[in-house]
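What follows is a short report on a single structure.
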């Protein structure tokens, strides 16, 4: 597999760790359904990388998270692309002149402390919202943790040795400001390690495994209840429109949607999707088609939807009989306006509901 697009969501801090962690489970579902004799074959990421033009520290963060969560889900081998910059752009651990980037040193630190064969023990949510992954490392138990976005103070029950895997700085403290840069926590106390979970998926804002619907409502502090936009926090910046909150249809990535994998992943369950939309104030012609992942790849559901006017909110609705949500390109469905001419609208709410027979 080459899951670049899914790793892009991690590099951009969209909070989509659950999607990356679901790659191997999804492949196993597919194999069990299509080729049962091979359902337990090794899964290898034969190519995976992050462009350093996103930021050299961002590249290092992506590498650490890719290996951490790759080991956690049972990837047999990850072959990072690439060792040194070539004709594909600045993706190397070394630049074109052979100078090491932060990602080079980060990988070295991971090898040093995790050892040749780290054993994954489970995940913990620090303060109920920050992912941390427990391993048996080269010299004892270790946690690798980060915040999904921003900076957050995290307090431990005792002073612990912490290592920033990106820049190599160390501290011993019972309180730290956890950010998107992964920290390695040495010898986590037994009470913390004992909370590690290894029998259910990492939650993404809640447990939606038994939910009948998921939704995204735009507003101050955007409410993502099992449904998320590919642009993450960027699309959460609300546009105040018509006395309420919405986001514009032309926000980059804001019309790409990701369903929580615990709600629906690979399973062929009929669904209904609704979107509440409204033209912008100038009332220019606006509309879109809904494109979704199916067993045959991306398909268009129904026909083009033209938003009638800007006088009120309108609800567009689709019933889809054959979803196959696997995040092949890092998202499950999109509202596609075919360019900038027809994307002049506001989006207030999107809901995905499992449909009855």
Problem set entry | Criterion (within 21 Å of the chain's Cα centre (by Cα) and more than 30 Å from residue 270 (Cα to Cα)) met by exactly one of 180, 218 | 180
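Can you name the residue in segment 154-175 that is closer than 25 Å to residue 101 by Cβ and either outside the structural domain of residue 68 (by TED's automatic domain parsing) or in contact (Cβ under 8 Å) with a residue 12 or more places away in the chain (or both) and is also surrounded by the most Cβ atoms within 10 Å (Cβ to Cβ) among such residues? Working first, answer last.
The first filter runs over segment 154-175 and keeps only residues closer than 25 Å to residue 101 by Cβ, leaving 162-171.
Filter once more, so that each one left must be either outside the structural domain of residue 68 (by TED's automatic domain parsing) or in contact (Cβ under 8 Å) with a residue 12 or more places away in the chain (or both): 162-168.
Details: 162: 19, 163: 20, 164: 17, 165: 25, 166: 23, 167: 13, 168: 12.
It comes out as 165.
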For this session: May I ask you to say which residue of 83, 74 is over 15 Å from the mean Cα position of the chain (by Cα) and within 22 Å of residue 167 (Cα to Cα)?
Result: 83
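Okay, residues lined up against (1) closer than 23 Å to residue 263 by Cβ; (2) surrounded by 16 or more Cβ atoms within 10 Å (Cβ to Cβ); (3) over 19 Å from the mean Cα position of the chain (by Cα):
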{"residue": "11", "(1), (2), (3)": "no, yes, no"}
{"residue": "14", "(1), (2), (3)": "yes, yes, no"}
{"residue": "18", "(1), (2), (3)": "yes, yes, no"}
{"residue": "23", "(1), (2), (3)": "yes, yes, no"}
{"residue": "26", "(1), (2), (3)": "yes, yes, no"}
{"residue": "33", "(1), (2), (3)": "yes, no, yes"}
{"residue": "42", "(1), (2), (3)": "no, no, yes"}
{"residue": "46", "(1), (2), (3)": "no, no, yes"}
{"residue": "49", "(1), (2), (3)": "no, yes, no"}
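Here's the yes/no breakdown for (1) in a strand (DSSP E or B); (2) within 21 Å of residue 222 (Cβ to Cβ); (3) touching a helix residue (DSSP H, G or I) at 6+ places or on another chain (Cβ under 7 Å); (4) at pLDDT 95 or above:
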residue: 281; (1), (2), (3), (4): no, no, no, no
residue: 302; (1), (2), (3), (4): yes, no, no, no
residue: 343; (1), (2), (3), (4): no, yes, no, no
residue: 357; (1), (2), (3), (4): no, no, no, no
Exercise. In segment 52-86, what count of residues is obtained for those that are over 24 Å from residue 197 (Cα atoms), assigned to a loop (DSSP other than H, G, I, E, B) and out of contact with any strand residue (DSSP E or B) (no Cβ under 6 Å at 6 or more places or on another chain)?
Worked result: 4
Exercise. In segment 283-300, which residues are within 22 Å of residue 341 (Cβ to Cβ) and either outside any loop (DSSP other than H, G, I, E, B) or touching a helix residue (DSSP H, G or I) at 6+ places or on another chain (Cβ under 7 Å) (or both)?
Worked result: 287, 288, 289, 290, 291, 298, 300
For this session: Give me a count of the residues in segment 304-325 that are assigned to a strand (DSSP E or B) and surrounded by 16 or more Cβ atoms within 10 Å (Cβ to Cβ).
Result: 5
For this session: Report, ordered by the first and then the second residue, all pairs with beta carbons closer than 6 Å, sequence separation of six or more or different chains, a first member in segment 105-129 that is closer than 20 Å to residue 199 by Cβ, and a second member that is part of a loop (DSSP other than H, G, I, E, B).
Result: 118/137; 121/196; 122/196; 122/198; 123/202; 124/195; 124/196
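Could you tell me whether segment 15-33 includes any residue that is in a loop (DSSP other than H, G, I, E, B) and at pLDDT below 95? Lay out the reasoning, then the answer.
We begin by selecting, within segment 15-33, every residue in a loop (DSSP other than H, G, I, E, B); these are 15-16, 22.
Then drop every residue that is not at pLDDT below 95, which leaves 15-16.
Checked against the condition, which is being in a loop (DSSP other than H, G, I, E, B) and at pLDDT below 95, segment 15-33 yields at least one hit.
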For this session: Please indicate, with yes or no, whether at least one residue in segment 252-270 is assigned by TED's automatic domain parsing to the domain that holds residue 224, out of contact with any strand residue (DSSP E or B) (no Cβ under 7 Å at 6 or more places or on another chain) and either part of a strand (DSSP E or B) or farther than 30 Å from residue 29 by Cβ (or both).
Result: yes
Exercise. Can you tell me which residues in segment 107-120 are farther than 12 Å from residue 68 by Cα and at pLDDT 95 or above?
Worked result: 108, 109, 112, 113, 115
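The values are calculated or read from the model by the stated rules, or taken from the named source; none is laboratory data. Because the structure is a prediction, the values reported are computed rather than measured. Positions of Cβ are generated from backbone atoms using ideal geometry, with glycine treated the same way; all protein chains shown enter the neighbour counts.
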